[in-house]
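Contents: one structure, followed by commentary.
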Amino acid sequence: MSTESKVINDPLGEQLAYYCARASEYDEWWFRLGRYDRGEAANVQWFSEGAEVAAALEAFEASGDVLEFAGGTGIWSEKLEVTATSLTVLDGSPEMLELNAARVPSPKVARIAADIFEWEPKEQYDAVFFGFWLSHVPPEKFDYFWDLVRKCLKPGGRFFFVDSRHASSSMAADHKLPDKDSTTHIRRLNDGRTFQIYKVFYESTELAARLQQLGWTTDIRQTDNYFLYGSGSLAQTN
């Protein structure tokens, strides 16, 4: 029986299927375990740069009512819950949300299982966070996604995000780094199944310019090797 993905002609469906199937092994990537252990020097660099992003998020202080897109297993939900009055975590994968609830068993946290591209907010939030999600937004849905962020924010609301830079040692040892201009990538699970997902790499100046055109004021930075991160709000108009 083939271990190849069977989801066809539905790229977003295949991407969601990948993250549902990957839920139990997702943390191996962040904690540099198994196929993601790239040796002591690379791992030390990874965790050092991750700490830089975590410090920036702490300084951002996501207070009030906070919404997290693609909350996954709760690595960032755990940090957001500390400063938020309430935290709503949205993810298309019930498997991810189950792990999220186990990691962050707080009464301040509400969870919604929904496809981000089909979900409509029923309320607005003081802050919106998304970790390693923007790169999975199809290029043709870039404007749509940022319009959704706009709809989710209260007047004066802010966003914070973190994502991946184009670095081969960020990935599993058996993954091939796609071309920088590529928008899709083949990912392999521990059991050998493969899926095609969206993966769009941005640089800080390029992304800031695009968001300025959409009406956002931003502060976007990148660590030496692995991460792109930043914050922003809607530009003030007279």
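Taking the square root of 5 times each eigenvalue of the Cα gyration tensor, what semi-axes in Å does the equivalent ellipsoid of the range 23-129 have, largest first?
Whole-Å semi-axes of the equivalent ellipsoid: 26, 18, 11.
May I have the pair-distance distribution P(r) for the range 158-229, computed from all Cα-Cα distances with 5 Å bins from 0 and rounded to whole percent?
3, 15, 22, 22, 16, 11, 7, 3, 1
Evaluate Rg over Rh across the range 106-206, taking Cα atoms for both radii and Kirkwood's formula for Rh.
1.01
What angle, in degrees between 0 and 90 and rounded to the nearest 10, separates the Cα long axis of helix 11-22 from the longest principal axis of the Cα atoms of the chain?
Between the helix axis and the principal axis of the chain, the angle is about 70 degrees.
To the nearest Å, what is the center-to-center distance of the range 50-88 and the range 117-172, using C-alpha atoms only?
Going from one Cα centre to the other spans 13 Å.
Roughly what % of Cα-Cα distances in the range 178-218 sit above 11 Å, to the whole percent?
When every Cα pair of the range 178-218 is considered, 70 percent fall beyond 11 Å.
Using a simple charge model, +1 on the beta-carbon of Lys and Arg, -1 on the beta-carbon of Asp and Glu, nothing else, what dipole does the chain show about its Cα centre, in debye to the nearest 20?
Rounded to the nearest 20 debye, it is 100 debye.
Residue by residue, what Karplus-based ³J(HN,Hα) values in Hz, rounded to whole numbers, does the range 99-115 have, using 6.51, -1.76 and 1.60 with θ = phi - 60° and x for Gly and Pro?
Running phi through 6.51 cos²θ - 1.76 cosθ + 1.60 with θ = phi - 60° gives 5, 4, 5, 5, 7, 10, x, 9, x, 6, 9, 10, 10, 10, 8, 7, 6 Hz.
Pull up the DSSP beta bridges for the range 11-234 and report the antiparallel fraction as a percent, rounded to 5.
Percentage antiparallel, nearest 5: 50.
How much net charge surrounds Leu33 when only the other residues with a Cβ under 13 Å from the Cβ of Leu33 are counted, with Lys and Arg +1 and Asp and Glu -1?
So the environment of Leu33 carries a net charge of -1.
Packing-wise, with mean Cβ within 10 Å as the measure, how do 60-67, 21-28, 138-145 rank, highest first?
Ranking, from highest mean packing down: 60-67, 21-28, 138-145.
Cut-off 10 angstrom, C-alpha nodes, Gaussian network model of the chain. Which of Ala127, Ala70, Ala102 fluctuates the most?
With Cα springs under 10 Å in the chain, the top fluctuation among Ala127, Ala70, Ala102 is at Ala102.
We did not get these values from a lab; they are worked out from the coordinates using the rules stated. Everything numeric here is computed off the predicted structure, so don't read it as measured data. Virtual Cβ from ideal backbone geometry, glycine too; neighbours counted across all protein chains shown.
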